[in-house]
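Novice: One structure, pasted below without further comment.
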2 protein chains.
Amino acid sequence: MTTYIFGALPDLEEGDIFPNRKALTEAGIHKVLMGGIDGNPRQGASSIVLNGGYVDDFDLGDEIIYTGHGGNDPNTGRQIKDQSWESPGNKALLVSELHALPVRVTRGYKHHSAFSPKSGFVYGGLYQVTEHFEDRGKDGFLICRYRLQKIQPGSTMPPEPIQSLPAGNEDSKRQTSTVLRIVRDTKLSRELKALYDYTCQICGLRITIKGIGYAEAAHIKPLGKPHNGFDKADNLLCLCPNHHVMLDKGILTLTDEFEVLGGEYEKVTFKADHALDGENIRYHRAHIFINE
Amino acid sequence: MTTYIFGALPDLEEGDIFPNRKALTEAGIHKVLMGGIDGNPRQGASSIVLNGGYVDDFDLGDEIIYTGHGGNDPNTGRQIKDQSWESPGNKALLVSELHALPVRVTRGYKHHSAFSPKSGFVYGGLYQVTEHFEDRGKDGFLICRYRLQKIQPGSTMPPEPIQSLPAGNEDSKRQTSTVLRIVRDTKLSRELKALYDYTCQICGLRITIKGIGYAEAAHIKPLGKPHNGFDKADNLLCLCPNHHVMLDKGILTLTDEFEVLGGEYEKVTFKADHALDGENIRYHRAHIFINE
């Protein structure tokens with residue numbers, strides 16, 4: 001059974017250059033000779049190689065939108081069917097996202113970006129998959145897409161493979177770590193949470209300490225490229241942390257009648273002076289919800 | 001009724017100097033003339049003034065440990081009874097923590113730190129309360145303590161008071177925001193979560209997408225000063241996001257027999273090869289749990 005090594009490798013540094021895929025394999029960076037994703041659905045993806053790929057993908061250096069594999073006609077290169085979240089590589093990248101595994105990123109000469117080499121392949125460092133979503137490719141079929149964000153220096157992973165529980169760290173300094181989740185707050189989100197008295201609109205839970213409520217404001221259509229959702233009340237829900245994660249990761253979504261799909265709860269509760277824009281809900285169903 | 005203004009004020013800049021408390025009041029920074037905490041339990045605390053204070057407090061500039069008010073004999077200055085989380089100022093700071101409100105910090109000439117002025121008062125910028133905990137002061141009575149962390153430039157708050165829901169932001173750029181919660185992940189925490197198959201040790205919930213589990217690893221005795229907990233398996237639980245928040249905020253804790261105090265669940269479930277260090281549980285009960 002293949003055991004993948006996640007994270008940094010000894011003697012491998014960002015900017016290291018390799019003449020071809022065989023050299024990447026021999027260096028232990030990306031074990032498979034073909035295929036952009038190296039991993040399996042049990043352990044996750046340890047590495048991706050960007051080389052060609054979808055025209056809609058973008059690469060800002062520290063942030064990459066990457067499209068998964070499958071659905072292509074090997075002769076024409078045209079997409080002839082939907083990609084699937086269950087394809088081994090695509091599911092492996094989902095595992096890397098949900099489990100916050102570090103992913104090595106290598107760029108090839110056919111990859112269109114300011115960070116690509118003129119020839120061969122260049123190792124680009126460790127990234128985290130922070131988001132997944134669905135789109136329609138230019139041939140009209142479903143594609144599985146991911147946002148990868150660079151792990152900033154000082155928080156790279158140790159090179160050992162995942163095995164039995166290690167001894168841990170008696171040093172009281174914070175260990176090198178990746179960020180699994182950041183919950184941000186704005187003036188608007190604080191006001192929405194106050195309107196709901198910090199009660200989850202899905203399950204009704206009100207987490208309280210000394211009577212003070214804690215809740216999170218969740219964007220339905222995500223902010224940032226390529227979604228470009230707005231930070232407006234008609235794109236926000238007041239949720240408990242569990243339902244916030246489940247909305248963000250596409251485990252649940254809403255119907256146009258505000259019923260909850262993909263969970264055990266029936267309907268979202270609203271206050272009189274709060275309404276959602278149906279467009280945001282439809283976007284979430286089409287692009288974020290993958291739990292059909 | 002007093003309406004507090006949270007966040008930045010027009011014409012106020014970090015480093016601005018004021019001769020005395022009256023000038024701070026007139027500038028709208030800190031409305032009360034006496035008292036270190038300006039706020040109330042309904043709206044939260046908008047401002048603190050550091051001037052004297054507890055010997056165990058520390059001030060690293062970007063990070064401050066601050067002790068709340070109450071329990072002092074006004075004649076001797078000695079502590080003669082426990083402080084209370086229900087005291088107006090202490091509770092106001094808890095509200096600021098739970099609701100991620102920005103808090104103005106001003107340092108006075110009696111405050112012992114490298115950032116204090118020789119005379120008068122200096123405005124130090126906006127902070128977030130990221131943690132609360134209990135200690136015993138040098139006179140043996142309970143004190144209520146807080147960690148404040150500086151809000152980094154570029155994420156300061158708008159100066160308006162909290163009122164009705166604003167129109168929001170159609171700009172698709174991310175709005176100025178504070179960070180409500182950061183969930184970090186290490187190799188150890190990933191392995192612990194795999195051991196539990198991403199199932200919450202308190203409620204048994206397993207959040208899944210396409211069969212892939214999502215859980216969070218929670219430190220019982222917190223990392224970092226002044227707690228100095230270890231990043232070791234005997235200090236970690238695998239929890240759902242809701243129970244992670246509830247453990248971190250001291251809403252629930254564990255008995256020495258691993259019963260859950262402060263929640264609706266009875267007992268923590270363990271795998272055979274995972275055990276907690278009782279010292280970590282006792283620390284959490286004594287310092288973090290405030291829901292008695």
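Novice: Within the bounds of the stretch A:177-184, is there any residue that is modelled with pLDDT under 50 and assigned to a loop (DSSP other than H, G, I, E, B)? Break it down stepwise before answering.
Specialist: As a first pass, look at the stretch A:177-184 and keep what is modelled with pLDDT under 50: none.
No, there is no match, as no residue in the stretch A:177-184 is modelled with pLDDT under 50 and assigned to a loop (DSSP other than H, G, I, E, B).
Novice: I'm checking my understanding of the structure. Among residues of the stretch B:32-45 that are surrounded by fewer than 17 Cβ atoms within 10 Å (Cβ to Cβ) and either under 17 Å from the mean Cα position of the chain (by Cα) or not small (Gly, Ala, Ser) (or both), which one is nearest to residue B:101 (Cα to Cα)?
Specialist: First, the residues of the stretch B:32-45 that are surrounded by fewer than 17 Cβ atoms within 10 Å (Cβ to Cβ): B:32-35, B:42.
From the residues that got through so far, the ones that are either under 17 Å from the mean Cα position of the chain (by Cα) or not small (Gly, Ala, Ser) (or both) too are B:32-34, B:42.
Numbers: B:32: 19, B:33: 22, B:34: 22, B:42: 12 Å.
My answer is B:42.
Novice: Filter the stretch B:1-36 down to the residues that are in a strand (DSSP E or B) and at pLDDT below 95 and list them by number. Give the steps one after another, and end with the answer.
Specialist: First, pick out the residues of the stretch B:1-36 that are in a strand (DSSP E or B): B:17-18.
Across the stretch B:1-36, there are no qualifying residues.
Novice: Of the residues that sit in the stretch B:200-212 and are surrounded by fewer than 20 Cβ atoms within 10 Å (Cβ to Cβ) and more than 8 Å from every other protein chain (Cβ to nearest Cβ), which one is nearest to residue B:259 (Cα to Cα)?
Specialist: Filtering first and then ranking leaves B:203.
Novice: Could you tell me which residue of the stretch A:1-31 is surrounded by the most Cβ atoms within 10 Å (Cβ to Cβ), considering only residues that are among the polar types (S, T, N, Q) and either in contact (Cβ under 8 Å) with a residue 40 or more places away in the chain or within 18 Å of residue A:87 (Cβ to Cβ) (or both)? Working first, answer last.
Specialist: Within the stretch A:1-31, the first condition is being among the polar types (S, T, N, Q), and the residues that meet it are A:2-3, A:20, A:25.
Narrowing the set further to residues that are either in contact (Cβ under 8 Å) with a residue 40 or more places away in the chain or within 18 Å of residue A:87 (Cβ to Cβ) (or both) leaves A:2-3, A:20.
Values: A:2: 11, A:3: 10, A:20: 14.
So the residue we want is A:20.
Novice: Moving to a separate point now. When residues of the stretch A:176-206 are filtered for being of a type outside the set (D, E, K, R) and touching a Pro at 6+ places or on another chain (Cβ under 8 Å), how many remain? Even if it seems obvious, please write down each step before you answer.
Specialist: First pass over the stretch A:176-206, keeping only residues of a type outside the set (D, E, K, R): A:176-180, A:182-183, A:186, A:188-189, A:192, A:194-196, A:198-205.
Retained after the next criterion (residues that are touching a Pro at 6+ places or on another chain (Cβ under 8 Å)): A:176, A:178, A:183, A:188.
So the answer is 4.
Novice: Quick one: residue A:73 ticks every box in (1) among the acidic types (Asp, Glu); (2) in contact (Cβ under 8 Å) with a residue 24 or more places away in the chain; (3) under 29 Å from residue A:139 (Cβ atoms) except a single one, so which number is it?
Specialist: Of everything listed in (1) among the acidic types (Asp, Glu); (2) in contact (Cβ under 8 Å) with a residue 24 or more places away in the chain; (3) under 29 Å from residue A:139 (Cβ atoms), residue A:73 misses just condition (2).
Novice: Right, another one. Filter the stretch B:272-292 down to residues that are in a helix (DSSP H, G or I) and of a type in the set (Val, Ile, Thr) and give me whichever is nearest to the other protein chains (Cβ to nearest Cβ).
Specialist: Taking the stretch B:272-292 and keeping what is in a helix (DSSP H, G or I), we get B:278-288.
Imposing the further condition that a residue be of a type in the set (Val, Ile, Thr) reduces the set to B:281, B:288.
Working: B:281: 17, B:288: 11 Å.
Looking at the filtered set, the residue picked out is B:288.
Novice: Residues in the stretch A:213-228 that are surrounded by fewer than 22 Cβ atoms within 10 Å (Cβ to Cβ) and either farther than 19 Å from residue A:283 by Cα or within 7 Å of another protein chain (Cβ to nearest Cβ) (or both): how many?
Specialist: Here the count works out to 4.
Novice: Still on this structure, please answer the following. For the stretch B:66-82, does any single residue satisfy the condition of being outside any loop (DSSP other than H, G, I, E, B) and surrounded by 23 or more Cβ atoms within 10 Å (Cβ to Cβ)? Show your work before the answer.
Specialist: First, the residues of the stretch B:66-82 that are outside any loop (DSSP other than H, G, I, E, B): B:66-67, B:72, B:79.
With the extra rule that they be surrounded by 23 or more Cβ atoms within 10 Å (Cβ to Cβ), the set shrinks to B:66.
For the stretch B:66-82, residues outside any loop (DSSP other than H, G, I, E, B) and surrounded by 23 or more Cβ atoms within 10 Å (Cβ to Cβ): present.
The values are calculated or read from the model by the stated rules, or taken from the named source; none is laboratory data. Remember, predicted model here, so these are calculated numbers, not experimental data. Every residue, glycine among them, receives a Cβ derived from its backbone with ideal geometry; neighbour counts consider all protein chains shown.
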